[in-house]
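S.K.: One structure, pasted below without further comment.
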Amino acid sequence: MAKGFGPAVKTPPATKRQKAYFKLIQALLECPRGRELKILRKHPHLVDVGLVEMMEMVATILVAQREFSGAEFLIDLAEFLTENQGAYSNFNTATGSSSITGNFVKAPAFLWEVLRTILLNANDEQTVYLILATNSDELNEYFLWQFCLWIDSTLLKSEPKLKKAIALFLISFCKMLWLFPLGNRAINLEIAIAGFEGSAKIFTREA
């Protein structure tokens with residue numbers, strides 16, 4: 001079980017809510033297995049789409065750090081909360097919060113899969129291209145729309161070191177998608193351009 005997720009948590013986050021998300025994720029990573037839901041029930045106001053998205057982001061960072069146990073744990077927990085949306089309502093009943101709400105927009109689900117595939121197969125582009133080819137139908141206009149919305153509404157507003165790390169992975173994804181010959185070529189290029197432009201807003205000249 002990972003005891004932390006690197007330097008991304010050492011810098012104060014952009015908002016108090018993000019700081020609370022990170023603190024909760026750290027507690028989940030450190031808790032004994034089987035006590036996750038008990039911890040979540042103690043923080044019902046934080047169990048929302050923002051927490052799930054941060055779990056995915058941190059899991060991707062953990063994969064890059066080869067902390068596979070912690071990454072798998074967060075991925076599974078995020079999937080559980082997503083698939084059992086009633087859990088949000090149960091957790092939030094006491095506070096009167098709505099279920100899947102918040103200022104965060106989730107990234108397309110396939111994005112995290114391909115980013116983690118890139119990280120695990122950094123020297124094997126064929127494996128990544130195989131994943132893209134198998135799921136080329138998911139690289140569509142809806143993916144582009146959700147991808148752009150996620151960049152503007154979530155990624156750019158994330159904690160600085162976390163979004164810088166994710167942006168590096170995005171650049172790798174966009175480079176590969178730029179050269180990817182299958183699927184809708186125009187959509188592939190638009191997705192790649194959106195990722196490059198979003199990353200450029202993070203890696204500014206000043207930064």
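The values are calculated or read from the model by the stated rules, or taken from the named source; none is laboratory data. Treat the numbers as computed from the prediction; the structure is a model and nothing was measured. Glycine also receives a Cβ, built like all others from the backbone with ideal geometry; neighbour counts cover every protein chain displayed. Keep in mind that these areas ignore ligands, DNA and RNA; they rest on the heavy atoms of the full protein, side chains included. Shrake-Rupley method; radii C 1.70, N 1.55, O 1.52, S 1.80 Å.
S.K.: With the condition kept exactly as written, say whether any residue in segment 55-66 is modelled with pLDDT of 90 or more and loosely packed, with under 13 Cβ neighbours inside 10 Å.
M.R.: Within segment 55-66, one or more residues are modelled with pLDDT of 90 or more and loosely packed, with under 13 Cβ neighbours inside 10 Å.
S.K.: Is it fair to say LYS161 is modelled with pLDDT under 90 and either assigned to a helix (DSSP H, G or I) or in contact with a Lys or Arg (Cβ under 8 Å, 6 or more places away or on another chain) (or both)?
M.R.: On the way: modelled with pLDDT under 90: yes; either assigned to a helix (DSSP H, G or I) or in contact with a Lys or Arg (Cβ under 8 Å, 6 or more places away or on another chain) (or both): yes.
Yes, satisfied.
S.K.: For segment 189-199, does any single residue satisfy the condition of being without any contact (Cβ under 8 Å) to a residue 60 or more places away in the chain, touching a Ser or Thr at 6+ places or on another chain (Cβ under 8 Å) and either in a helix (DSSP H, G or I) or open to solvent by 40 Å² or more (accessible area, probe 1.4 Å) (or both)? Steps first, answer last, please.
M.R.: Of the residues in segment 189-199, the ones without any contact (Cβ under 8 Å) to a residue 60 or more places away in the chain are 189-199.
With touching a Ser or Thr at 6+ places or on another chain (Cβ under 8 Å) added as a condition, the list becomes none.
No, segment 189-199 contains no residue that is without any contact (Cβ under 8 Å) to a residue 60 or more places away in the chain, touching a Ser or Thr at 6+ places or on another chain (Cβ under 8 Å) and either in a helix (DSSP H, G or I) or open to solvent by 40 Å² or more (accessible area, probe 1.4 Å) (or both).
S.K.: Within segment 123-146, take every residue that is in contact (Cβ under 8 Å) with a residue 12 or more places away in the chain and part of a loop (DSSP other than H, G, I, E, B) and give me the one that is surrounded by the most Cβ atoms within 10 Å (Cβ to Cβ).
M.R.: Among residues in segment 123-146 that are in contact (Cβ under 8 Å) with a residue 12 or more places away in the chain and part of a loop (DSSP other than H, G, I, E, B), the one surrounded by the most Cβ atoms within 10 Å (Cβ to Cβ) is LEU139.
S.K.: Have a look at LEU182, LEU149 and point out the one that is open to solvent by 50 Å² or more (accessible area, probe 1.4 Å), modelled with pLDDT of 90 or more and over 26 Å from MET55 (Cβ atoms). Full working, then the answer.
M.R.: Numbers: LEU149 fails: over 26 Å from MET55 (Cβ atoms).
Being open to solvent by 50 Å² or more (accessible area, probe 1.4 Å), modelled with pLDDT of 90 or more and over 26 Å from MET55 (Cβ atoms) holds for just one of LEU182, LEU149, which is LEU182.
S.K.: Could I ask something else about it? Kindly list, by first and then second residue, each pair from a residue in segment 22-35 that is in contact (Cβ under 8 Å) with a residue 60 or more places away in the chain to a residue that is surrounded by 15 or more Cβ atoms within 10 Å (Cβ to Cβ), limited to pairs with Cβ atoms under 8 Å and residues at least 6 apart or on different chains.
M.R.: Matching pairs, first to second residue: PHE22/VAL9; PHE22/PRO13; PHE22/MET54; PHE22/VAL58; PHE22/GLU159.
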